[in-house]
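*Asks:* Here you go, one structure.
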Amino acid sequence: MVVTIAAVLPSGVDSSTTAVEVGSLAGLSGAPPESPIRLTADAALFEGVGLVKTAAATRGFDGEQSPDDTIYLKMNRLIADNLTIASTINGHRVTVRNDNRGDPNLAAMAGGPGSAVEAWAVVNGMDVCIPQKDLDKSADALGVHAAQAKKLIGNAYAPYRNLPVGRAGQCIPLGDLAPALSYLTESGGVLPPKIHTENLDLTVFQLTVDKEPGLSSLTAPTAVIGLE
């Protein structure tokens, strides 16, 4: 079963639109969620991350203001293993689970080349796997901002230097690394083109995909839908 965002758009909305709010994915009826979306995944690949911002509170799907520790992420594409999306719609708890069991051809995907995926979320858990040397290299190109960027990077990695390196390399919590990534990207620094992450647990308050006409905003090839 393939679930795409076109299947859950409000009536009258063209699925080829270039800016689609994907919050209604959890609803299936086209109505907006009544609560933030809980998004979890065993692992995910973030491609083309161009901007990270901390303290990025925004108005959520339900009209309420998100917490002060909301993080903003902008990327081209997100590919997730064993993705689960859960929210409340019309008084019902709705879940969409894409259990691809590590098969990249069946992974859930938001966005793509030339797309812009934007998310405002509170991070309950998420390990980011980037070698410190890669971020230091990016910081070296920042001129007057280099010293501060490298200081923030060093502070983030310091508590984890003596821990074993996992299968994806040196992974540390996004909560610790976010200030460095925010300063780096807002100062013009470039992150690695592909960033591996593990143990995602996000409370998403807004999620949009700006894409080319005719492309799906989000695809979940093995989706199983639950309604309570």
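*Asks:* Work out from phi, with θ = phi - 60° and the Karplus expression 6.51 cos²θ - 1.76 cosθ + 1.60, the ³J(HN,Hα) of each residue of region 124-133, listed in order in whole Hz, and give x for Gly and Pro.
*Replies:* Values, residue by residue: 7, x, 4, 9, 9, 10, 10, x, 4, 4 Hz.
*Asks:* Here's a follow-up. Counting other Cβ atoms within 10 Å, which chymotrypsin sites (Phe, Trp or Tyr not before Pro) in region 69-176 have at most 11 and lie in a DSSP loop?
*Replies:* Qualifying residues, ordered by number: none.
*Asks:* Same structure again: Considering only protein heavy atoms, what per residue accessible area in square angstrom results for region 108-228 with a 1.4 angstrom probe?
*Replies:* 47 Å²
*Asks:* Let me check against my output: what whole-number percent is the relative contact order of region 45-150, with C-alpha pairs under 8 Å and at least 6 apart?
*Replies:* 24 percent
*Asks:* Okay, moving on. Given charges of +1 on the Cβ of Lys and Arg and -1 on the Cβ of Asp and Glu, with all other atoms neutral, how large is the dipole of region 73-128 about its Cα centre, in debye to the nearest 20?
*Replies:* The calculated dipole for region 73-128 is roughly 140 debye.
*Asks:* Based on the Cβ-Cβ distance from Glu212 to Asn162, what FRET efficiency comes out when R0 is 41 Å, to the nearest 0.05?
*Replies:* After rounding, the FRET efficiency stands at 0.35.
*Asks:* If you roll a 1.4 Å probe over the heavy atoms of the protein chains, what accessible area per residue do you get for region 41-95, in Å²?
*Replies:* Dividing the accessible area of region 41-95 by its residue count gives 42 Å².
*Asks:* If you take the charge dipole of region 53-186 about its Cα centre, with +1 on Lys and Arg Cβ and -1 on Asp and Glu Cβ, which of Leu163, Leu152, Met126 is farthest toward its positive end?
*Replies:* Leu163
*Asks:* Could you pull out the trypsin sites (Lys or Arg not before Pro) across region 48-109 that fall in loop regions by DSSP (anything but H, G, I, E, B) with no more than 12 other Cβ atoms inside 10 Å?
*Replies:* Of the trypsin sites (Lys or Arg not before Pro), the ones in loops of region 48-109 whose Cβ has at most 12 other Cβ atoms within 10 Å are Arg101.
*Asks:* Using a probe of 1.4 angstrom, how much of the accessible area of region 55-146 is carbon and sulfur, in percent?
*Replies:* Answer for region 55-146 is 49 percent, counting heavy atoms of protein chains only.
*Asks:* Loop only per DSSP, at most 15 neighbouring Cβ atoms within 10 Å: give me the trypsin sites (Lys or Arg not before Pro) in region 110-201, ordered by residue number.
*Replies:* Listed in order of number, the matching sites are Arg161, Arg167.
The values are calculated or read from the model by the stated rules, or taken from the named source; none is laboratory data. Note that the coordinates shown come from a computational prediction; the quantities given were computed from them, not determined experimentally. Cβ atoms come from the backbone with ideal geometry, glycine included; neighbour counts cover every protein chain shown. What goes into the accessible areas is simple: the full protein's heavy atoms, side chains included, and nothing from ligands, DNA or RNA. Shrake-Rupley method; radii C 1.70, N 1.55, O 1.52, S 1.80 Å.
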